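The structure under discussion appears below in the form of structure tokens.
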Amino acid sequence: MKANELKRGLLIDEDGQIIKIKQIQVQTSSSRSGNTLYKVKGSNVVNHQKFEKSYKGDDVITAVEILRRQVQLLYRDADGCTFMDNETYEQYVVAEDAIEDELLYLRDGIEGVQALISDDVLLGIELPASVDLEIMECAPSMKAASSSARTKPATLSTGLIVQVPEYLAPGEIIKVNTETGAFMSRAG
């Protein structure tokens with residue numbers, strides 16, 4: 001495939017690394033002979049290292065054939081995290097350090113998690129756009145606080161710490177953006 005066909009969410013092979021594209025910025029040259037550049041930002045699906053590279057429109061890029069399967073987290077142990085395919089019930093084990101960033105959003109029963117599988121090997125997981133998590137610990141709620149008031153740090157059930165409005169209290173379930181780690185709203 002050519003660089004001008006790249007899309008967000010696509011997986012490409014770059015020098016043996018599998019890169020998930022997160023952002024593409026198109027830069028058109030003002031001169032007649034100038035090439036259009038495609039600035040790609042992404043991350044390695046195995047070790048999460050950031051990736052940035054610019055391609056010319058006619059550069060050839062290798063897309064990686066990836067199977068996306070709906071999975072759920074079964075359990076965590078010394079070997080890592082065990083996920084089960086929702087349809088085939090096949091199980092995949094992935095080391096915790098390979099999905100360290102995602103662990104802060106994973107809890108039992110979470111829906112919309114996808115496994116990225118190539119040649120029967122789980123390369124990584126993809127989270128839904130947002131997840132619902134419970135506030136475990138935060139400063140007491142302030143009755144007079146308005147919804148646009150100041151924020152306070154809250155520790156969620158997975159250990160993730162996010163800034164939440166002052167009117168929220170422990171025990172409440174909130175929606176968190178998995179891309180930015182930011183509070184979105186009360187769940188419900």
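The values are calculated or read from the model by the stated rules, or taken from the named source; none is laboratory data. A quick note: this is a predicted structure, and the numbers were derived from the prediction, not measured. Backbone-built Cβ (ideal geometry, glycine too); neighbour counts: all protein chains shown.
Counting only strands (runs of 3 or more DSSP E) wholly contained in the stretch 1-95, the ones carrying 2 or more residues that are assigned by TED's automatic domain parsing to the domain that holds TYR105 occupy 67-77, 80-85, 91-94.
Only one entry of ASP77, ASP58, ASP85 meets the criterion of being more than 24 Å from GLN17 (Cβ to Cβ) and loosely packed, with under 15 Cβ neighbours inside 10 Å, and that entry is ASP77. Taken as a whole, the condition of being over 19 Å from the mean Cα position of the chain (by Cα), assigned to a loop (DSSP other than H, G, I, E, B) and at pLDDT 90 or above applies to ALA169. When the criteria are applied in full, ASP97 meets the requirement of being closer than 30 Å to ASP15 by Cβ, without any contact (Cβ under 8 Å) to a residue 60 or more places away in the chain, out of contact with any helix residue (DSSP H, G or I) (no Cβ under 7 Å at 6 or more places or on another chain) and surrounded by fewer than 16 Cβ atoms within 10 Å (Cβ to Cβ).
Within the stretch 67-94, the set of residues being within 21 Å of LEU11 (Cβ to Cβ) and of a type in the set (Ser, Thr, Tyr) comprises just one member, TYR92. Determine whether the stretch 135-145 contains at least one residue that is over 28 Å from ILE12 (Cβ atoms), surrounded by 18 or more Cβ atoms within 10 Å (Cβ to Cβ), modelled with pLDDT of 90 or more and more than 14 Å from the chain's Cα centre (by Cα). Yes, some residue in the stretch 135-145 is over 28 Å from ILE12 (Cβ atoms), surrounded by 18 or more Cβ atoms within 10 Å (Cβ to Cβ), modelled with pLDDT of 90 or more and more than 14 Å from the chain's Cα centre (by Cα).
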